[in-house]
Amino acid sequence: MVRSAPLLALALLLAGPVQAAPLVVVEAKGSDLAPGATIDDKAPLTLADGARVVLIGEDGAQVTLRGPFKGTPASAGQGATQQLAGLLSARGADTTSLGAVRDAGAPGPLPEAWVVDPAVSGAACVKPGQEVVLWRADVAKPASLTLMPADRAWTANAEWPAGEGRLALPELPIADGGTLLFELNGAASAVTFHMLPASVTAPKMAAGWMAAKQCDRQARALLAGG
């Protein structure tokens with residue numbers, strides 16, 4: 001007589017329950033979820049028509065859910081999930097060599113993840129409570145720097161000495177989503193800052209969060225070990 005059922009039950013018992021994976025909310029529209037909140041991929045969610053939620057996993061994968069939706073992030077299927085490498089590749093990153101840039105006219109790689117290039121308009125990801133550090137590729141000559149908020153409520157000026165690739169800006173008054181206008185040797189740029197949530201701790205999750213915020217150069221630097 002074949003007694004496979006008890007053996008199957010024993011195998012399932014030894015395997016234990018499937019562990020839920022943590023996800024961090026990056027964006028939430030039409031939902032009670034708040035950016036920076038942590039949920040698990042088995043948590044039931046209901047999204048009304050027009051609602052949209054973007055989540056990041058520990059591996060950096062991005063899960064995008066659009067309403068109407070009722071279920072769990074894990075049940076959303078592969079169509080809702082975009083892996084980190086694919087997310088960067090879709091915006092022109094060469095994932096065969098992290099930090100490489102296909103377009104010779106595009107900005108080069110950053111030396112580390114948590115620096116901001118004031119010469120390039122776009123997004124910058126920073127850690128709350130830490131001073132913002134600017135970086136420039138060309139250090140042969142001194143540079144003149146002017147910065148101000150988008151509403152031009154104040155203006156600050158600094159001289160960037162020759163030979164110095166980094167310039168720390170302690171106590172810079174910026175908020176999450178705030179934009180600063182820079183002029184580096186007369187060349188203008190606008191940079192919007194995004195604050196890393198305390199719930200994002202794993203390196204790949206941080207890189208995925210950066211990619212979701214359009215901080216692609218920083219994400220590639222983080223994945224490359226910076």
(message) Give me, ordered by chain and number, the residues 5 or more places off Val116 or on other chains with an amide H under 5 Å from its own placed amide H.
(response) Val133, Leu134, Trp135
(request) Output the relative contact order of region 132-226, whole-number percent, from Cα pairs under 8 angstrom with separation of 6+ residues. (result) 22
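Any of Lys29/Lys213; Lys42/Lys204; Lys42/Lys127; Lys42/Lys70 with alpha carbons more than 23 Å apart? Name them for me. Spell out each step's value before the answer.
On the way: Lys29/Lys213 15 Å; Lys42/Lys204 21 Å; Lys42/Lys127 29 Å; Lys42/Lys70 12 Å.
Exceeds cut-off: Lys42/Lys127.
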(message) Could you order the peptides 162-170, 199-207, 30-38, 212-220 from most to least packed, using the average number of other C-beta atoms within 10 Å per residue?
(response) 212-220, 199-207, 30-38, 162-170
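Hey, if we sort Thr46, Thr64 by accessible area with the 1.4 Å probe, largest down, what's the order? Provide the component values of the computation, followed by the final result.
Values: Thr46 105, Thr64 25 Å².
Accessible-area ranking of Thr46, Thr64, largest first: Thr46, Thr64.
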(request) List every residue whose amide H lies under 5 Å from the amide H of Glu27, counting only residues 5 or more places away in sequence or on a different chain, with H placed 1.01 Å from N in the peptide plane. (result) Val54
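The values are calculated or read from the model by the stated rules, or taken from the named source; none is laboratory data. As the structure is a computational prediction, the values presented were derived from the model and not from experiment. No Cβ is skipped: glycine too gets one built from the backbone with ideal geometry, and neighbour counts run over all protein chains shown. When the accessible area is computed, the model is the full protein with side chains, heavy atoms only, and any ligands, DNA or RNA have been set aside. Shrake-Rupley method; radii C 1.70, N 1.55, O 1.52, S 1.80 Å.
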